[in-house]
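Written out below as C-alpha cells is the structure these notes cover.
The values are calculated or read from the model by the stated rules, or taken from the named source; none is laboratory data. Note that the structure is predicted; figures quoted are calculated from it, not measured. Heads up, the Cβs are rebuilt from the backbone with ideal geometry, glycines too, and the neighbour counts pull from every protein chain shown. Ligands, DNA and RNA are stripped out before the accessible areas are found, and what is left, the full protein with its side chains, is counted by its heavy atoms. Shrake-Rupley method; radii C 1.70, N 1.55, O 1.52, S 1.80 Å.
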Amino acid sequence: MPSRRRTLLKVIILGDSGVGKTSLMNQYVNKKFSNQYKATIGADFLTKEVQFEDRLFTLQIWDTAGQERFQSLGVAFYRGADCCVLVYDVNSMKSFENLNNWREEFLIQASPSDPENFPFVLIGNKVDVDDGNSRVVSEKKAKAWCASKGNIPYFETSAKVGTNVEEAFQCIAKDALKSGEEEELYLPDTIDVGTSNQQRSTGCEC
Amino acid sequence: MSMEATELQDLSDDADYAASQQQGSASMMRSDSGKRSLQSEHEDAVLIYLKDNVAIHPTQFASERISGRLKLTKQDSVLFLSWIPYKGQTSNAKLSEKDRSLYTITAVPFTEVRSIRRHTPALGWQYVIVVLSSGLAFPPLYFYNGGVREFLAMVKQHVFLARSSEDQNVFIVNDFQSPLQRTLSSLELPSSLPVASGQSVYPLDGGSSSENQRRTSSDVGNRVSSVSQSGFRKQKSHDPTRDLSIHLLEKFSLVTKFARDTTTQLFSENNGFGSIDKRWNNQPVHSYPEKLSNIAEEKHHEIRHSYSENDLLKDDEISYIDVPADPLEFDKLSLMWGKPRQPPMGHKERRNDISPSIKCRISTEYFTALLDSEGRVVESKALRERVFYGGIEHQLRREVWPFLLGYYAYDSTYAEREYLRSVKRMEYATLKQQWQSISPEQAKRFTKYRERKGLIDKDVVRTDRAFEYYEGDDNLHVNSMRDILLTYSFYNFDLGYCQGMSDYLSPILFVMEDESESFWCFVALMERLGPNFNRDQNGMHTQLFALSKLVELLDSPLHNYFKENDCLNYFFCFRWILIQFKREFEYEKTMQLWEVMWTHYLSEHFHLYVCVAVLKRCRSKIMGEQMDFDTLLKFINELSGHIDLDSTVRDAEALCIEAGENGAASIPPGTPPSLPLDDGTLYPQEDDVL
Ligand SMILES: Nc1nc2c(ncn2[C@@H]2O[C@H](COP(=O)(O)OP(=O)(O)OP(=O)(O)O)[C@@H](O)[C@H]2O)c(=O)[nH]1
Ligand SMILES: [Mg+2]
C-alpha cells in the first residue's frame, strides 16, 4: 500500500517572473526550448517517468506564475509537495534577493510536516546569456546562501542550451523521493483516514 | 467608500440595529438553528466575542448595507466565526431577504480560515476580509463602530495568528491540530457529512422531492456560500433551487412541443459540443489512484493526461461510476434557449467579387446606418443585441469596440468623438512623456520603475508572438505594446503592471492599430477588469465565489462533486477568468467572444455563464473519471484550443436565461466586470511592493 502511494512525486518550481521556470520544465520533460512560451497564468504541471533502482516513479512538476501578486494562489498548489525548486536568474540580483521570500512563502503555504528538513534545490538559470558577461550573482554568493539554509544543493543551468538541466532534475527527483519516503513513516494514519473519506464520497451511498 | 453617502449614524436611528435590540439574543439563536449551527449553539459552545453593527455592502452604494452581528464562539477548543445579519425590517427596501441570507456566515471553524486581511484606513470604515483555506474569501466585513484591532486581538488569544512577512495587514491563521484530529472532529458535524447524491438527482419528480431537494442543497451547501435557510423556512419562494425546478417543469412542457418541430434542424446544427457521436464508449475508465499504482498501466495514464482533440469535450456516458444526472437537462435547455448565431455584424454586405478596400467601406456603411445624422448610436441596445448574436466583422471592430468598452459614449456625435480623440491623443503623449523623460541616472535611483519596465519587457516578448501581427524580431507592434503598458502603469500607478494585462492589450492594439486609441480602450477595459489584477486578488476571489454559486444553482450534483473532492476554490478556472478565455481560443475566436461579453447584453457576468457552460459539457467526464484537483486542473488547461465557441456561447446564453434572477442574485454586486466601488482609492496599496 505505501509503496503504491509513493509512485507519485510532487515537485514545485518557484521563482520570480521571467527567470525561466517554464523553460526549465519544458527543457527537462520535452527536451526543447522555445522563445515563445507565454507568461504563466495560474498553474500547470507536466509529468515525467523516472527510474530509481528497479522502481518507476511519476515526477509531477508544477509550474506556477512568478508575479508576486499571484502568490496567494499557492496554497492550492503547494500542498503535498515532496521537493521545492527555487529558481533565480544569474543576471538579475533582484531575482536572487527574492529567494528568501519564495522559500518562506512556500514553507508557510505548503506547511510541510518537517519544515527544517524539507528538501529545496536552488537553480541559477540563464548562464548562457552574453557568455556570462552580464552575470551579476556570483557562484560563490549563491553557494553561501545555500549553505546558510542548511546546505541546499545548487545547480547552474541554461534552459536554452540545456546545460545541467538533466543533472539538476536528477537531484530534485532523488530528494523528492527521499522526503516522500520519510513522510510515509511519519504520518501513515492521517493518510489512511483521508483515503477512506475519499472512498466514501464516490457516490455509492445512494 | 465615500463618506458623504452615509454619515456614521447614531445607532438608535438604525432600523437594523433597533430590530436586533428588540429581538434580543434569544431570537438570534433561533434564527440560527439550522443544521450547521448545532455545533456553534450547542450548550458547550462558549461565546467569546460579540460585535454589533458589523456590515457588508452588497452594492456599491454605501447606504445599501446589511448590518449584522459578528461572533466568535468556542467549542471543543475550536474557535468559530459567525456573522448573522439582523432580522426584521430592512432599512433599505432594495435589499431582499435573499441578499441577507446569501451572505450569512454560519459558524466557520478557524481551522478552515487561512488568513485575515485588515483594512484600517485613516478615513472611512475599517474592515476585514476573511480568506478560507480553500482560497475563497468572504465579502469585506465593515466594522461600523471600529474595533478591528480588538477583534484581531481576541482571535489571537485563541488561535495562532502570524503576521505575513509580505504584508503587515495580513494575518495568517495557523492551526496546530493534526490533520487526523481535524478529520475526526469534522466527522461529528452533521453538515459536513456527504449527503447521498441520489437525493438531488431528480428535482422534477413531484412535489415532495422539491422539499427534499431544498434540504439537500442547504445541507451540502458549501460553507462559504452557506445560505442560512433556516431563518426563512416559510418563504419557499426564496429558495433558488425550488424556483428552478418550477421553472423547469413549465419549460419542459414547452420543450417537448418545441422539440418536435425543430428536431431535424437541431441535429443538423448542433455539430459542436452536443455531438451525438460517442466514440469513447469502449474506453474503460479507471480511477486515478489505481492507475498510478500500477506501472503496467502507464499507457492508460498517458491517455488521461493528453486527451485527443475529439474526445476532450465529449460526454462519454459509459463509466464505472454512476454520474448523477444533470438536473437541468442541459442539452434540451440550450437547444431551446440559445438562439443560433447570426453572421457577424457587417457580414451580409460582404461580397467576394469586390476588393478588400471596398468591402471595408461597405462594412463601415452598415454601421453608419445605425447612427443618426450627427453620428449618435440611436439604439444602443439594438447594437449590443446585434453584436451579442453574432459578433462583428473584423473591419468594423475598430468602429464598434470603443463604444462597447465605454471609451466612446453611445450618444456622442462624430464631432465630439473627433474632439475626444485629439484631446486624448495629447493626454496620452503627456503620460508617455512621464516615463520617457526618465534619464538613465534617474532610473538607477528608481527601482520600482526599473522593475516594472523589466517585467513588461519580459512579457511583451512572450505575448502572441506566433500571431503574425506580433511576429519576428524588432517588431514595432511589440514596442507599441510595451509603451502602452508602461504608460498605463504610470497612469494607474497604484495598480501598476500585472501579468495578463498584455494578453488583454494585444487584440485591442491589433484592432485599433493606433497607440493612443488602444491605450484609452485598454484604460476603459481596465476600469472594469482592473480588480482582476489587484494585489489582494479580491476581484478574482469574488468571481470564483460567484462561479461556485452559479454552479451550485445550475448543477448541484457537480457542485457537490467539487465540494467532496476539495475543488471548491475553482482555481482550475483561474486562467479562464483572469484573462477572459484569451488562452483558450484562437485569436479571432477570442475577439469574437470578447465583443459578445462586452455587450453586457444579457448579463455583465456572461463570462461566468461561459465557465458554467464549459464545465457542464464536461461534467460526466469530470465526475465519471473521478477527477481529483490535479487531474481536473490539467484537464481544464488542456481544453485550451478544443472548445467550440459558437455552441459554448449558445449554452451560456441558455444558462443565463434559465438562471434568471436567481443567477443574478448569486453574483455579489460589485463583482468584476461590474464597475468597482466608487471610493476614490481603487487600488490602495502598501508601499513595499512592485
Ligand atoms: N538566454 C536564455 N533565456 C532564457 C533561459 N530560460 C528562459 N529564458 C527566456 O526568459 C524568458 C522567461 O522564461 P520563462 O520560462 O517563460 O520564465 P518563467 O519563470 O516561467 O516566467 P513566469 O511564467 O512569468 O513566472 C523567456 O523569454 C525565455 O525565452 C535561458 O536559460 N537562457
Ligand atoms: Mg512560466
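Descriptive notes on the structure:
- Test: residue in segment A:56-76 that is within 16 Å of ligand 2 (Cβ to nearest atom), in a helix (DSSP H, G or I) and at pLDDT 90 or above: no
- Lone qualifier among A:Val75, A:Val50 - being hydrophobic (A, V, I, L, M, F, W, C) and more than 10 Å from chain B (Cβ to nearest Cβ): A:Val50
- Residues considered: A:Gly124, A:Gly80, A:Gly132. Of these, the only one that is modelled with pLDDT under 95 and either surrounded by 15 or more Cβ atoms within 10 Å (Cβ to Cβ) or away from chain B (no Cβ under 12 Å) (or both) is A:Gly132.
- Comparison of B:Glu661, B:Glu595 shows that the only residue that is open to solvent by less than 20 Å² (accessible area, probe 1.4 Å), under 19 Å from the mean Cα position of the chain (by Cα) and acidic (Asp, Glu) is B:Glu595.
- Against the list (1) more than 15 Å from ligand 1 (Cβ to nearest atom); (2) within 13 Å of the chain's Cα centre (by Cα), the condition A:Met93 fails is (2).
- B:Lys589 being of a type in the set (Lys, Arg) and surrounded by 22 or more Cβ atoms within 10 Å (Cβ to Cβ): no
- Among (1) open to solvent by 10 Å² or more (accessible area, probe 1.4 Å); (2) within 13 Å of ligand 1 (Cβ to nearest atom); (3) within 11 Å of chain B (Cβ to nearest Cβ) - the single one A:Trp62 does not satisfy: (1)
- Candidate set: segment A:77-94, residues that are out of contact with any Phe, Trp or Tyr (no Cβ under 8 Å at 6 or more places or on another chain) and assigned to a helix (DSSP H, G or I); chosen: the one farthest from ligand 2 (Cβ to nearest atom): A:Met93
- Scan segment B:435-490 for residues that are of a type outside the set (Ser, Thr, Tyr) and outside any loop (DSSP other than H, G, I, E, B) and the total you get is 31.
- Of the residues making up segment B:393-434, those that are assigned to a helix (DSSP H, G or I), out of contact with any helix residue (DSSP H, G or I) (no Cβ under 9 Å at 6 or more places or on another chain), under 26 Å from B:Ser373 (Cβ atoms) and of a type outside the set (A, V, I, L, M) number 5.
- Selected residue (only one of B:Ser518, B:Ser502 is part of a helix (DSSP H, G or I) and within 16 Å of ligand 1 (Cβ to nearest atom)): B:Ser502
- All of B:Leu554, B:Leu615, B:Leu602, B:Leu568 fail the test of being at pLDDT 95 or above and not small (Gly, Ala, Ser), apart from B:Leu615.
- Residue match in segment A:28-45 (condition: at pLDDT 95 or above, near ligand 2 (Cβ under 9 Å from one of its atoms), more than 10 Å from chain B (Cβ to nearest Cβ) and outside any strand (DSSP E or B)): no
- Of the criteria (1) open to solvent by less than 40 Å² (accessible area, probe 1.4 Å); (2) touching a Gly at 6+ places or on another chain (Cβ under 7 Å), which one B:Lys458 fails: (1)
- In the set (1) away from ligand 2 (no atom under 16 Å from the Cβ); (2) farther than 25 Å from A:Tyr78 by Cβ; (3) open to solvent by 30 Å² or more (accessible area, probe 1.4 Å), A:Gly162 fails one condition alone, (3).
- The number of residues in segment B:542-564 being within 13 Å of chain A (Cβ to nearest Cβ) and among the aromatic types (Phe, Trp, Tyr) comes to 2.
- Scanning segment A:7-18 for residues that are at the interface with chain B (Cβ under 10 Å from one of its Cβ atoms) and either among the charged types (D, E, K, R) or near ligand 2 (Cβ under 9 Å from one of its atoms) (or both) gives A:Lys10, A:Asp16, A:Ser17, A:Gly18.
- When segment B:125-150 is filtered for residues that are more than 14 Å from chain A (Cβ to nearest Cβ), outside any strand (DSSP E or B) and in contact with a Phe, Trp or Tyr (Cβ under 9 Å, 6 or more places away or on another chain), the ones remaining, listed by number, are B:Trp125, B:Phe138, B:Pro139, B:Pro140, B:Tyr144, B:Gly146, B:Val148, B:Glu150.
- Residue check, A:Gln51 open to solvent by less than 10 Å² (accessible area, probe 1.4 Å), assigned to a strand (DSSP E or B) and either near ligand 2 (Cβ under 10 Å from one of its atoms) or farther than 26 Å from B:Val460 by Cβ (or both): no
- Residue satisfying condition, being among the hydrophobic types (A, V, I, L, M, F, W, C) and within 16 Å of ligand 1 (Cβ to nearest atom), within set B:Val460, B:Val511, B:Val523: B:Val460
- Odd one out for A:Asn100, checked against (1) within 12 Å of ligand 1 (Cβ to nearest atom); (2) open to solvent by 10 Å² or more (accessible area, probe 1.4 Å): (1)
- Residue list for segment B:477-535, restricted to those being of a type in the set (Asp, Glu), over 20 Å from the mean Cα position of the chain (by Cα) and within 14 Å of chain A (Cβ to nearest Cβ): B:Asp494
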